[in-house]
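The values are calculated or read from the model by the stated rules, or taken from the named source; none is laboratory data. Keep in mind it's a predicted model, so treat the numbers as computed, not measured. Backbone-built Cβ (ideal geometry, glycine too); neighbour counts: all protein chains shown.
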Ligand SMILES: Nc1ncnc2c1ncn2[C@@H]1O[C@H](COP(=O)(O)OP(=O)(O)O)[C@@H](O)[C@H]1O
Ligand SMILES: [Mg+2]
């Protein structure tokens, strides 16, 4: 199964750290993984062991949006041009779809292999956000590229897409927050950490989003009690301070096999929770939600910006899922 997994939470909570550990955990079991850095602060590359120069050399998805659109639209007759394709434009007959394990022009242009103790994952990054990107409700080309890719990504067996992302209003303006099989909300045992959870939960409620809290930097019973009291059953697991992570931060990453046992068990718990959502998948609903957010964005700004009626891009008979046959 191909699981789409998001790590969200407030800045500094440990999203990048926990995504990178989870990616290492998956890779160590031989699972194919696409890692995506969609956070405002682009740190996933370094957390996966890239040095500064390597991280800076990563191609930015946000700068390759035209290429992505041109490829994905394929021969879809409902999408007249890449210029008329917005971040929520759903696939339809004729669209090209992405698979985790294949090679394609999108990965060639936007993904780079990262080696983790002998296992290789693909890393894609949105690119750094500038002031101009923030606070513009209607036009987030950077996370938009990720949303487009997720909406065109079909299922394969035993594959994972892990996205490190911001929990800001950005993900709610679009349909981004509904694109995952499971969302791990990383929260420190603080009022701020928990308030991000509440806000997310509120948005997520109507969309069947599976949301689980991962407590981070949890020390002792009092922290645990606090999180239990605040988030109840949504608390999946907690992680304490990790010396392994601290060593990585010092630029001396130990072999992943040396990660503390208790943290290894926590990662295992994340994977079990992710895998358990497989039976909840519903291609019909997933596709309907794309359509819902596409119509919303079309009305809010897309129609005006492109000068086209973007509702006409919707292919009513298309369903994204394991049985979708891609027309090439
Ligand atoms: N469990 C942990 N043990 C030790 N250090 C941690 C842990 N979680 C996070 N950190 C440290 O806290 C800082 C913020 O974490 P980071 O993952 O970058 O947060 P975010 O991506 O949510 O902004 C980093 O310096 C990271 O190394
Ligand atoms: Mg981060």
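Annotations
- The sole residue among 30, 74, 49, 11 that is farther than 19 Å from residue 244 by Cβ and either buried (at least 21 other Cβ atoms within 10 Å of the Cβ) or within 16 Å of ligand 1 (Cβ to nearest atom) (or both) is 11.
- Being under 24 Å from residue 318 (Cα atoms), modelled with pLDDT of 90 or more, surrounded by 18 or more Cβ atoms within 10 Å (Cβ to Cβ) and in contact with a helix residue (DSSP H, G or I) (Cβ under 9 Å, 6 or more places away or on another chain) holds for only one residue in 121, 146, 162, and it is 146.
- Annotation note: of 213, 218, 186, the sole residue that is in a loop (DSSP other than H, G, I, E, B), in contact (Cβ under 8 Å) with a residue 12 or more places away in the chain and either away from ligand 2 (no atom under 16 Å from the Cβ) or crowded, with 23+ Cβ neighbours inside 10 Å (or both) is 218.
- Checking each residue of the range 22-37 against the condition of being at pLDDT 95 or above, within 12 Å of ligand 2 (Cβ to nearest atom), on the phi < 0 side of the Ramachandran plot and touching a helix residue (DSSP H, G or I) at 6+ places or on another chain (Cβ under 9 Å) gives at least one match.
- Only one of the numbered conditions (1) touching a residue at least 60 places away in the same chain (Cβ under 8 Å); (2) more than 13 Å from residue 112 (Cβ to Cβ) is violated by residue 49, and that is (2).
- Cβ-Cβ contacts under 8 Å between residues 6 or more apart (or on different chains), taken from a first residue in the range 152-173 that is over 19 Å from residue 45 (Cα atoms) and assigned to a helix (DSSP H, G or I) to a second residue that is modelled with pLDDT of 80 or more and within 13 Å of ligand 2 (Cβ to nearest atom), are listed as 171/8; 171/165.
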